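Beneath this line is the structure, given in structure tokens, with notes to follow.
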Amino acid sequence: MATSNREVEELIGRQYRHGFTTLVEADSLPPGLNEDIIGALSAKKQEPAFMLEWRLKAYRHWLTMKEPKWAHVHYPPVDFQSIIYYSAPKSQKDRPKSLDEVDPKLLETYEKLGIPLKERELLAGVAVDAVFDSVSVATTFKDKLAELGIIFCSFSEAVQKYPDLVQKYLGSVVPYTDNFYASLNSAVFSDGSFVYVPKGVRCPMELSTYFRINASKTGQFERTLIVADEGAYVSYLEGCTAPMRDENQLHAAVVELVAMKDAQIKYSTVQNWYPGDEQGRGGIYNFVTKRGACRGDSARISWTQIETGSAITWKYPSVILEGDNSVGEFYSVALTNNYQQADTGTKMIHIGKNTRSTIVSKGIAAGHGQNAYRGLVKVLKGARDARNYTQCDSLLMGDKCGAHTFPYIEVKNPTAKVEHEATTSKISEDQLYYLRQRGLSAEDAVSMVVNGFCKEVFKELPMEFAVEAQKLIGVSLEGAVG
Amino acid sequence: MLSIKNLHVSVEGKSILKGINLEVKAGEVHAIMGPNGSGKSTLVHVLAGREGYDVTAGAVTYLGKDLLALRAEERAREGIFLGFQYPVEIPGVSNIYLLKAALNAIRKHRGEEELDAIDFLARVREKLKLVEMKEDFMYRSVNEGFSGGERKRNEILQMAVLEPRLALLDETDSGLDIDALKIVANGVNALRTPERAVVLVTHYQRLLNYIVPDYVHVLVQGRIVKSGDKSLAHELERRGYGWVEAEARA
């Protein structure tokens, strides 16, 4: 049940003011961040009281925090007061009328990635009533899930329809005190996905935001929560290979995964946010907190990510291995070209007995790109027989880019086995010449070598993503040969 | 098919080839022999289109075209194949994937339909027999973990599948034992047709017992100083390169 304006005001601890109603009634909120804005945001989304309360606690905590500066990335200071924290969905009249009105460069990329025509219209936001029969497709899909008792809906919907579930798990893996950007996200998150898979149920298809009805632009502060109950299985796909533009520069998402005993969650991301122009201007900052908790014995969480976009990528999808015999996996390809920067990696925290983690990180730096791997393998005192295997490889293309590795290994139990292998290589002229002598163009040769380099990660992706990811690498490396 | 006229090539300012003249007609096998550092590899790499070589004088015509004006991949698509002396490893890229991409690039260039996976596999199986290699070999990454002999056989396998017009084989026999040598020779001989030509760069006469050349040329310090038929190879075997060098200086 939605919170009334009066309740909101009481929570904020302020007098009921006329201005507040105006805020709530406007289409979009003005730029700036304060308790009024958060109250208005929550009211617009018709959230129950607990949600607003949580947001306000997070906001008040955020005010006490300092922006972290330790990452290997550089960017001008973010002005939090100039961001709009809620904007109305784009009206039909603002959208392009057809693909003819869309940026030709964007269309070129769709072409190279082999995206079907109908999908291009959808991606470009063309104003059509029904681009294709999305309603019936999504409905069949939803029916199937409903039969099995699987909940898959937008986070906003979940807050209203399943408040108990949300309250139980929200912030249980990433508390609102966790870090600066997670706090901010907790205060102002816009929307995202909510998934709950009941005991013993295996979700029969890959879940992706593509199939959520009314998947409006989730905006900059995405919040996703996925819960797999005992013995459940779910594979979730986030993102798409098509380049996404956004007026909002800062994206600070939070994703929490909870896997109970014998459950398995597979979370795959392909991220190709606008990376900025060749001089690095105007790109998106992708500062994300992603964490999974293997709460029960033999639970398993796998993160697979292909990060080719954004001006700055700053994220460490992690796994907390609480249950005995639990397994955490992280497979990553991070590509930085032109002036992109990435500081990404993972944290594997071994708590239970006989836990296992695998980390395979492939960093590709081209142009003036800077690519850093930062990983933590932590084995607590009580974590008997923990095993970790880490492989981090960097590929440098050219002499103006950089690859850096910051591995942290903290082991407090003598039975642990931790292996770390790292390689740094330059794309070899000999390899390119060999492939060209077999008839491949210079561009195809580079693509082939780089895809070979990333193969171990690609094979962890669901098939449809894997094929797209390969093409995406090729497209992202344009201009890097030389 | 191939006409090299007065070719001068420098590498980083140093003159390596000092006026090569060579005519290779379709159906012929030419062997190029010579001591280390004579420029044998340079010659094949210049023909294949490797970067880093400066052609300071001369011309090369291939099937009536100006070969030096074409990029390496264009030359490959026109039917030139280079069997590398040191085939490089390409981790993560399977042999079958590379070969299919290469064959289809060449076929596309020729206006032929690309082969689908099934037809391609059939073709490969045929050629695998020729080089006496098992099919599972195709699914391994290109040259990764291959012994020297396996790499050379892989080169011959690729050549057999791609069916080039002009095969340039750079010391294809180095590091091979007799059995491997015979297999390689079989592969090359199977390719000998009136439409094709082979240029074999080799150090040792031994290979030429199995791949009998029509012509033998001796390359010394960047020049072809002597040409003859297969008996020249035997003479070199007996007497070494010294006498040729001496003759050249005289």
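Here are the numbers:
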| read-out | value |
| --- | --- |
| Max mean-square fluctuation residue, GNM over chain B, Cα-Cα springs under 10 Å, options B:A76, B:A190, B:A180 | B:A190 |
| Set of lysines with alpha-carbon distance to B:K152 below 24 Å, sequence-local pairs under 8 removed | B:K40, B:K100, B:K127, B:K129, B:K134, B:K182, B:K230 |
| Inter-chain Cβ neighbour average for residues A:449-459, partner chain, 10 Å | 3 |
| Over the stretch B:173-250: Kirkwood hydrodynamic radius from C-alpha pairwise inverse distances, Å | 13.7 |
| Per-pair calculated FRET efficiency, R0 = 51 Å: A:H420 and B:N36 via Cβ, rounded to 0.05 | 0.75 |
| Additional length obtainable on full extension of the chain from B:D214 to B:A246, 0.36 nm per residue less Cα span | 9.0 nm |
| Proximal aspartates and glutamates relative to A:K378, as straight alpha-carbon distance under 18 Å, when same-chain residues fewer than 8 apart are discounted | A:D178, A:E322, A:D324, A:E329, A:E410, A:E419, A:E421 |
| For residues of B:89-99, the mean tally of beta carbons on other chains within 10 Å | 5 |
| Built amide H within the under 5 Å cut-off of A:E238, gap 5+ | A:S268, A:T269, A:V270 |
| Per-residue average of Cβ from other chains inside 10 Å of B:48-55 | 2 |
| In nm, spacing of pseudo-spin labels at A:Q391 and B:H109 (7 Å Cα→C-beta vector) | 3.4 |
| Where N is the number of residues in the stretch B:2-249, Cα Rg divided by 2.2 N^0.38 Å | 1.00 |
| Those GluC sites (Glu not before Pro) in the stretch A:432-482 that DSSP places in a loop and that have at most 16 other beta carbons within 10 Å | A:E478 |
| Rounded to 5, the percent of DSSP beta bridges in the protein assembly as shown classed as antiparallel | 20 |
| Computed FRET value (nearest 0.05) for B:S147 with B:T193, which takes r as the C-beta separation and R₀ as 25 Å | 0.25 |
| Residues of the stretch A:256-275 with amide N under 19 Å of the 7 Å Cα→Cβ point at A:K168 | A:256-265 |
| Cross-link partners of A:K66 among lysines (Cα-Cα below 21 Å; sequence separation of 8 or more within a chain) | A:K57, A:K290, A:K315 |
| Extension reserve of the A:K199-A:S28 stretch, reckoned as 0.36 nm per residue once the Cα distance is removed | 57.5 nm |
| Efficiency of FRET between B:I178 and B:Y86 - r from beta-carbon atoms, R0 22 angstrom, step 0.05 | 0.55 |
| Loop trypsin sites (Lys or Arg not before Pro), the stretch A:157-207 (other Cβ atoms within 10 Å of the site Cβ: 16 or fewer; DSSP) | A:K199 |
| Helical mean residue ellipticity (222 nm; -39500 (n - 2.57) per DSSP H run of 4+; nearest 500) of the protein assembly as shown | -9500 deg cm²/dmol |
| Residue-wise HN-Hα coupling along the stretch A:381-388, computed from phi with Karplus coefficients 6.51, -1.76, 1.60 (Hz; x: Gly, Pro) | 4, x, 7, 6, 6, 6, 10, 9 |
| Radius 10 Å from Cβ of A:A253, net charge of other residues (Lys, Arg +1; Asp, Glu -1) | +1 |
| Where labels lie 7 Å past Cα in the beta-carbon direction, separation of A:E278 and B:R206 in nm | 5.4 |
| Considering only the stretch B:99-250, percent of DSSP beta bridges that pair antiparallel, nearest 5 | 50 |
| Global form of the protein assembly as shown, assessed from the alpha-carbon gyration tensor, a/c cut-off 1.5 | prolate |
| Where labels lie 7 Å past Cα in the beta-carbon direction, separation of A:K97 and B:D229 in nm | 8.1 |
| Stretchable slack from A:K144 to A:M65, in nm (0.36 nm times residue separation minus alpha-carbon distance) | 24.0 nm |
| Within the stretch B:32-116, GluC sites (Glu not before Pro) in DSSP loop having at most 15 other beta-carbon neighbours inside 10 Å | B:E51, B:E112, B:E113, B:E114 |
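Laboratory data are not the source of any read-out in this text; all were calculated from the coordinates shown. The structure displayed is predicted, hence computed values, not measured ones. Positions of Cβ are backbone-derived with ideal geometry, glycine not excepted, and every protein chain shown enters the neighbour counts.
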